[in-house]
Amino acid sequence: MAAAEPAVPALPGGGGGGAAAPSGTVPVLFCFSVFARPSSVPHGAGYELLIQKFLSLYGDQIDMHRKFVVQLFAEEWGQYVDLPKGFAVSERCKVRLVPLQIQLTTLGNLTPSSTVFFCCDMQERFRPAIKYFGDIISVGQRLLQGARILGIPVIVTEQYPKGLGSTVQEIDLTGVKLVLPKTKFSMVLPEVEAALAEIPGVRSVVLFGVETHVCIQQTALELVGRGIEVHIVADATSSRSMMDRMFALERLARTGIIVTTSEAVLLQLVADKDHPKFKEIQNLIKASAPESGLLSKV
């Protein structure tokens, strides 16, 4: 425990359970909801290690879309108190994880320095099957041009390119960070996770491509599960079936994922007409994106 904080008295009856903790560790009772599980942590463990232990013990029951506080049982008060600043475990204690009542609200702010674009499986063999594929190619190319202008990293995947072909020629992949083949439906491959880890401060992913109800949906859900805010570009995303597309977008929106448009994304990224790249972005959007049949099916 930090020197500035009073020591936590040992719990009556042994908060760490019946078995002695391994050498160099301290017994801790981890409480969540109606559960209480004895475990141990290294001597000197702080807030981050306690959180990791809570996740290892209760991960399947913790709603990651909520905020939590960690509290420590203080015998001097006879109740739990918020974990003191600089807390480090020095002796047996009892802690609990408390969910706040208000769920996190996704604000949807986009800035170039914290955003990555994901272009999903815009391949030649999908051309005859995907509804309004020519329109989403056009919008996808506009987004990639915007990413180049604003210096935003782009990650591109191709689903089984040996059988389904490469990304369509209309989409210029100049300067993209990665082009990866995949067989998994989600774009969240180990190489993609490594690339995201190399980019400091990534908070948001702008996602577009095909198919909305398969690769787009699974990618979005995996990213959100990793704490990344996802913006799906509706006018650059489609499926073979418009019903599949419609219900996927509705489901994703209900989970807090942001369903938006290419023009909204690009203008949010520049944010100000005095932005040094505003004129170049303005030139991209002078002609409105194609409305096609996607408009009435969102």
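The values are calculated or read from the model by the stated rules, or taken from the named source; none is laboratory data. None of the values given here were measured: they were computed from a predicted structure. Glycine gets a Cβ as well: all are built from the backbone with ideal geometry, and neighbour counts include every protein chain shown. Each accessible area value is taken on the protein alone, full model and side chains, heavy atoms only, with ligands, DNA and RNA left out. Shrake-Rupley method; radii C 1.70, N 1.55, O 1.52, S 1.80 Å.
Count the DSSP beta bridges whose two residues both fall in the chain, then state the antiparallel fraction as a percent rounded to the nearest 5. Write out the running numbers ahead of the final one.
Working: 19 of 48 bridges.
Bridges in the chain that DSSP calls antiparallel: roughly 40 percent.
Please report, as a whole percent, how much of the solvent-accessible surface of region 162-298 comes from carbon and sulfur atoms (probe radius 1.4 Å).
On the way: 3680 of 6760 Å².
Here it works out to 55 percent.
State the extension gain, in nm to one decimal, for the chain segment bounded by Ser241 and Asp60, taking 0.36 nm per residue of separation less the distance between their alpha-carbons.
Numbers: separation 181, 0.36 × 181 = 65.16 nm, distance 3.34 nm.
Computed gain between Ser241 and Asp60 is 61.8 nm.
Pairs of alpha-carbon atoms within less than 8 angstrom and 6+ residues apart define the contacts here; what relative contact order does the chain have, in percent?
Details: 522 pairs, mean separation 48.2, N = 298.
Taking the mean separation of contacting Cα pairs over the length of the chain, I get 16 percent.
Mind checking which lysines have their C-alpha under 23 Å from Lys286, skipping anything on the same chain fewer than 8 residues away?
Output for Lys286: Lys273, Lys277.
If packing is taken as the average count of other Cβ atoms within 10 Å, what order do 137-148, 107-118 fall into, highest mean first?
On the way: 137-148: 21.6, 107-118: 17.8.
The most tightly packed comes first, giving 137-148, 107-118.
When a/c reaches 1.5 or more, the comparison of a/b and b/c decides; with that in mind, is region 129-171 rounded, prolate or oblate per its Cα gyration tensor? Intermediate results must be reported in sequence, preceding the final value.
Numbers: a/c = 2.95, a/b = 1.43, b/c = 2.05.
Oblate is the answer for region 129-171, as a/c is 1.5 or above yet b/c matches or exceeds a/b.
Can you tell me how region 160-298 classifies by the Cα gyration tensor, rounded, prolate or oblate, using a/c under 1.5 as the rounded cut?
Numbers: a/c = 1.33, a/b = 1.13, b/c = 1.17.
Rounded, because the longest to shortest axis ratio a/c is under 1.5.
Could you give the size of the charge dipole of the chain about its Cα centre, using +1 on the Cβ of each K and R and -1 on the Cβ of each D and E, expressed in debye and rounded to the nearest 20? Walk me through the intermediate numbers first.
On the way: 28 positive and 28 negative charges, 67 e Å.
Roughly 320 debye for the chain.
Per-residue accessible area for Asp172 at 1.4 Å probe radius, Å² rounded to 10?
Asp172 has an accessible surface of roughly 60 Å² with all protein chains in place.
First check a/c for the chain, with a ≥ b ≥ c the square roots of the eigenvalues of its C-alpha gyration tensor; if it is under 1.5, answer rounded, and if not, answer prolate when a/b is larger than b/c or oblate otherwise. Provide the component values of the computation, followed by the final result.
Numbers: a/c = 2.72, a/b = 2.37, b/c = 1.15.
Prolate.
Hey, what did region 222-261 get for relative contact order, percent, Cα under 8 Å, at least 6 apart?
53 percent
Dipole magnitude of region 162-298 about its Cα centre, charges +1 at Lys/Arg Cβ and -1 at Asp/Glu Cβ only, in debye to the nearest 20? Don't skip to the answer; put the middle values down first.
Values: 15 positive and 16 negative charges, 45 e Å.
Here the size comes out at about 220 debye.
Of Ala236, Ile199, Val214, which is farthest along the charge dipole of region 154-254 in the positive direction, counting Lys and Arg as +1 and Asp and Glu as -1 at C-beta?
After comparing all options, I get Val214.
What accessible area per residue comes out for the chain, rounded to a whole number of Å², with a 1.4 Å probe? All intermediate terms of the calculation are to be shown ahead of the outcome.
Values: 14860 Å² over 298 residues.
Heavy-atom SASA per residue in the chain reads 50 Å².
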